[in-house]
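Okay, structure first, notes after.
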Amino acid sequence: MISLKSSKKRDSNRSLWLFLGPYYLLFFTFIIVPVIVAIWLSFTDFNVIEFPTFIGLRNYVSLLTQDATFMRYVLPNTIFFALIVGPGGYFLAFFMAWMLAQIPHKPRTVLALALFSPSMTAGVAMTVLWRVIFSGDSSGYINALLLRLGMITEPIQFLQSPNYLMTIMILVTLWSSMGVGFLAMLSGILNINPEMYEAAYIDGLKNRFQEVFYVTIPSMRPQMLFGAVMAIVATFQAGAIGVELSGANPTPQYAGQLMVNHIEDFGFIRFEMGYAAAVSVVLLIVVYGFSKVVNRLFVDRD
């Protein structure tokens with residue numbers, strides 16, 4: 001009897017590893033190995049052609065004490081962009097998911113697809129659309145409208161002006177922020193048992209705001225956590241939008257220069273891969289820190 005149970009357990013473990021094996025292999029190959037290599041390269045001087053030379057913490061010291069562009073433009077831009085786009089996109093996704101959950105199934109499906117589709121659009125195609133809208137000549141939609149209304153006398157170079165570029169980057173990123181996190185929140189709201197709302201109103205719930213705060217959000221903590229993590233990752237990966245809109249890296253007067261752009265600048269334009277790796281490690285630490293904060297907020301520890 002014991003032998004039979006032991007045999008079944010071995011078969012179960014074998015089946016478990018058979019299904020999990022491909023995932024672990026891919027995760028190790030495409031996540032763990034690149035992260036380890038990036039950390040190692042961050043301690044080297046590597047120009048892509050010659051073999052990396054170990055230089056210790058010199059890249060990190062240079063980044064924090066000598067890179068005026070990073071400290072003056074890149075870091076403040078990244079923090080500002082993240083503080084606006086991250087929470088803004090997250091709460092916008094939750095609000096839209098909650099609104100869609102209040103309408104019938106068929107129109108909800110159509111509207112959900114319409115909101116989700118910008119996040120599936122390739123960055124180049126999305127940029128073409130917005131570059132037409134904010135074109136710096138009189139044929140651009142915004143300039144044409146302002147000229148027709150008499151609000152300006154000559155076209156504004158929206159995408160080349162440091163006064164407008166960051167605002168446009170935020171607008172475009174928020175427009176495309178309804179990604180998989182939005183779908184997860186919508187699914188979470190739709191799967192809440194309606195009896196919980198009825199019980200809450202019997203217990204003294206008074207309005208829809210209390211309904212959302214005391215019933216909806218606590219009932220979908222996993223979806224809220226997933227949406228928050230996806231919002232953080234998407235926010236720090238969205239830096240390429242500034243380069244795509246302005247057509248230059250660095251962006252005009254570094255107005256839209258984020259950490260992702262800084263990595264691309266040093267890694268693929270200047271070919272200072274060791275320094276670019278150090279910036280990427282700093283970015284990884286920042287994303288990990290934000291993820292830990294979000295995890296503390298949404299993980300139920302009861």
Worksheet item: Across segment 215-242, what is the number of residues that are closer than 17 Å to ILE79 by Cα, small (Gly, Ala, Ser) and in a helix (DSSP H, G or I)?
Response: 5
Item to complete: Could you tell me whether ILE202 is surrounded by fewer than 17 Cβ atoms within 10 Å (Cβ to Cβ), more than 20 Å from MET96 (Cβ to Cβ) and aliphatic (A, V, I, L, M)?
Response: yes
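Please verify whether PHE209 is under 22 Å from LEU100 (Cβ atoms) and without any contact (Cβ under 8 Å) to a residue 40 or more places away in the chain, treating the condition exactly as stated.
Details: under 22 Å from LEU100 (Cβ atoms): yes; without any contact (Cβ under 8 Å) to a residue 40 or more places away in the chain: yes.
Spelling it out, PHE209 is indeed under 22 Å from LEU100 (Cβ atoms) and without any contact (Cβ under 8 Å) to a residue 40 or more places away in the chain.
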Worksheet item: When ALA82 is evaluated against the numbered criteria (1) out of contact with any Ser or Thr (no Cβ under 8 Å at 6 or more places or on another chain); (2) at pLDDT below 90, which criterion, by number, is the only one it fails?
Response: (1)
Response to the item:
All conditions in (1) in contact with a strand residue (DSSP E or B) (Cβ under 9 Å, 6 or more places away or on another chain); (2) surrounded by fewer than 22 Cβ atoms within 10 Å (Cβ to Cβ) are true of VAL287 except (1)
Worksheet item: Which one of these does LEU113 not meet: (1) among the aliphatic types (A, V, I, L, M); (2) in a helix (DSSP H, G or I); (3) touching a residue at least 60 places away in the same chain (Cβ under 8 Å)?
Response: (3)
Discussion item. Yes or no: segment 231-239 includes at least one residue that is free of Cβ contacts under 8 Å to residues at least 60 places away in the same chain and surrounded by 17 or more Cβ atoms within 10 Å (Cβ to Cβ).
Written reply: no
Worksheet item: Could you count how many residues in segment 32-65 are in contact with a Ser or Thr (Cβ under 8 Å, 6 or more places away or on another chain) and not small (Gly, Ala, Ser)?
Response: 9
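Within segment 240-248, can one find any residue that is within 14 Å of the chain's Cα centre (by Cα), surrounded by 13 or more Cβ atoms within 10 Å (Cβ to Cβ) and of a type outside the set (D, E, K, R)?
Yes, some residue in segment 240-248 is within 14 Å of the chain's Cα centre (by Cα), surrounded by 13 or more Cβ atoms within 10 Å (Cβ to Cβ) and of a type outside the set (D, E, K, R).
The values are calculated or read from the model by the stated rules, or taken from the named source; none is laboratory data. Note that the coordinates shown come from a computational prediction; the quantities given were computed from them, not determined experimentally. Every residue, glycine as well, gets a Cβ built from its backbone with ideal geometry; the counts of neighbours run over all protein chains shown.
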